[in-house]
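A short worksheet on the structure shown next.
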């Protein structure tokens, strides 16, 4: 059965959002519980306080009642034992009033209330002491006292009512506080049950979701080793598994805000290997490439064989573009060593295109298309390179359309111009040649470098008339310099379309004849992809018959094997700058030394491109490189600048 797709990201987002909201609610509930606890403590304190007020009023009433009972018993019976409860009541009643005063808030009303209680109590106690003195003075008649005691009862009843009112008020507060506390406790318990149940449900949903995704990922991982998802030649996962793998990791990146990187590894000119050495050799190259890619990739990366000459690598948890580019260069380096087959050794180079989610594509198909586009651009820039995909904006698209429409007009209006980069003899350090490089002085966009329009020119077929014009201009300028005493070998790049065009030889003869340039001062630079064309050997043989030298440009970045060098009549190898830039690293120096020795054994001269520092120059001269070219000497210059530079270089050489 097909691999199940991931849950929709919106469902996962809702689950995560609900869990987050619930977590916040639970935190709030905890804060509320703490608040409730503090409120409960405060309520408990109020309950304790109100209960103490009620108890104080009860004790005052009880003490007064005891004092009065003892007084009455003594008056009526004359028994001195009744004076003990009387004295205890008198002693405690003032303490109880002071305690009540402390318990009641110190408001004016309460202070007045306490004062009133004290006055009433003092009056009652004075009355009690007065009757006892009468009894002790023998001027007391019990019957008369009992008759005249009505006012004392009224005063006692008034004090009792006052204290009973205070007690009733605080008893009411006690009942209210207890009712509120019970209600709050019930609501808190209800909320806790509701939120706990909701959390449990969401956790179950999240657990089921995670369990399903883990089961899907395990199935996806197991499918990597399944034969259905394997390419038969390399044993690597295929395009179908790549799409499923990307679905999973793109959904992960959407949730986590991460990045997914797709590297497209394009083997240059692979079809020529099968055509020259057979399908068995081609399959051996694919298996070796697969082994090297898997060895170079990280353990968590997925390496995929998309078919024939294309591989892909999926990387996650990589945020910096520099790290992505580093992986691309490592892939290039791992394929820089020749592939040794049973009967022949071939040099296999790759171009790497990189696309990034979410910047370059929102789904697997867009991401793959972007990586392929970036790989095509890397190949167009000279191969053996890493290129990032940058989504074309409408402005960029309109610029491409504008350039396409302006090509022929620009050629007729003379907007194209040739700049020349010096080539230095490595032994004498004298200027011996120049490479012609085209520029476009656009009236609106300014000076455009070749990378801005040559690829478009090749796609539209304009490269043929433009190439013929470049060839004519370069030959004419070289002859003018020769007549003025500056004899240089002029190097001109020839595209694959030019070389395959039936009119190419005719245009070449016309350029030489019209300019008068000796044939041996013209050198044509052909890339390895041109050399592997079936008619390349005939064209190069024809050029040799005309006395024109041929240089293999960017050597080591394509698929040309030693067999091609044996069959064609080339004169020079131009070592790509990618080999020079890593000097003095051991891997670069060993390979350069081997290339130079091999070329010399085949009686080929070697020109090194991309020299920028003295350390590179010293090493290349030391291993016997024949010619040097790069920014260490000069960038590409227009005619006037080149002539001034050549005079200064010659003067410095003499000095």
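The values are calculated or read from the model by the stated rules, or taken from the named source; none is laboratory data. Note that the coordinates shown come from a computational prediction; the quantities given were computed from them, not determined experimentally. Methodologically, a virtual Cβ is constructed for each residue, glycine included, from the backbone with ideal geometry; neighbour enumeration extends over all protein chains shown.
Observations, loosely collected:
- All of (1) in a loop (DSSP other than H, G, I, E, B); (2) surrounded by fewer than 22 Cβ atoms within 10 Å (Cβ to Cβ); (3) touching a helix residue (DSSP H, G or I) at 6+ places or on another chain (Cβ under 7 Å) hold for residue 588 with one exception: (1).
- Selection count, region 374-407, where residues are modelled with pLDDT of 80 or more, under 27 Å from the mean Cα position of the chain (by Cα) and surrounded by fewer than 19 Cβ atoms within 10 Å (Cβ to Cβ): 2
- Of all residues in region 69-79, those satisfying the criterion of being farther than 11 Å from residue 132 by Cα and either in contact (Cβ under 8 Å) with a residue 40 or more places away in the chain or assigned to a helix (DSSP H, G or I) (or both) are 69, 77.
- Residue check for residue 474: within 21 Å of residue 412 (Cα to Cα), in contact with a helix residue (DSSP H, G or I) (Cβ under 9 Å, 6 or more places away or on another chain) and assigned by TED's automatic domain parsing to the domain that holds residue 629: yes
- One residue stands out in region 446-460 among those that are touching a helix residue (DSSP H, G or I) at 6+ places or on another chain (Cβ under 7 Å) and more than 23 Å from residue 574 (Cα to Cα): the one that is surrounded by the fewest Cβ atoms within 10 Å (Cβ to Cβ), namely 460.
- Inspection of region 534-547 finds a residue satisfying the criterion of being in a loop (DSSP other than H, G, I, E, B), within 29 Å of residue 503 (Cα to Cα) and modelled with pLDDT under 85.
- The set of residues in region 613-631 that are surrounded by fewer than 19 Cβ atoms within 10 Å (Cβ to Cβ) and either without any contact (Cβ under 8 Å) to a residue 12 or more places away in the chain or more than 20 Å from residue 449 (Cα to Cα) (or both) comprises 613, 614, 615, 618, 621, 622, 623, 624.
- Among the residues making up region 281-315, a single one is surrounded by fewer than 18 Cβ atoms within 10 Å (Cβ to Cβ) and in a strand (DSSP E or B): 307.
- If the condition is being more than 29 Å from residue 624 (Cβ to Cβ) and assigned to a strand (DSSP E or B), then region 403-427 contributes 416, 417, 418, 419.
- A residue that is modelled with pLDDT under 90, over 16 Å from residue 259 (Cα atoms) and not in a helix (DSSP H, G or I) cannot be found anywhere in region 325-333.
- Here 270, 357 are screened, and the one residue that is surrounded by 21 or more Cβ atoms within 10 Å (Cβ to Cβ) and touching a residue at least 24 places away in the same chain (Cβ under 8 Å) is 357.
- When the residues of region 334-360 are filtered to those that are at pLDDT below 85 and part of a strand (DSSP E or B), the one that is farthest from the chain's Cα centre (by Cα) is 345.
- Cβ pairs under 9 Å, 6+ apart, first in region 237-261 and without any contact (Cβ under 8 Å) to a residue 40 or more places away in the chain, second assigned to a loop (DSSP other than H, G, I, E, B): 240/2; 240/3
For every residue, the table says whether it meets (1) without any contact (Cβ under 8 Å) to a residue 12 or more places away in the chain; (2) in the same structural domain as residue 384 (by TED's automatic domain parsing); (3) closer than 25 Å to residue 575 by Cβ.
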position: 263; (1), (2), (3): no, yes, no
position: 288; (1), (2), (3): no, yes, yes
position: 324; (1), (2), (3): no, yes, no
position: 331; (1), (2), (3): no, yes, yes
position: 340; (1), (2), (3): yes, yes, yes
position: 344; (1), (2), (3): no, yes, yes
position: 348; (1), (2), (3): no, yes, yes
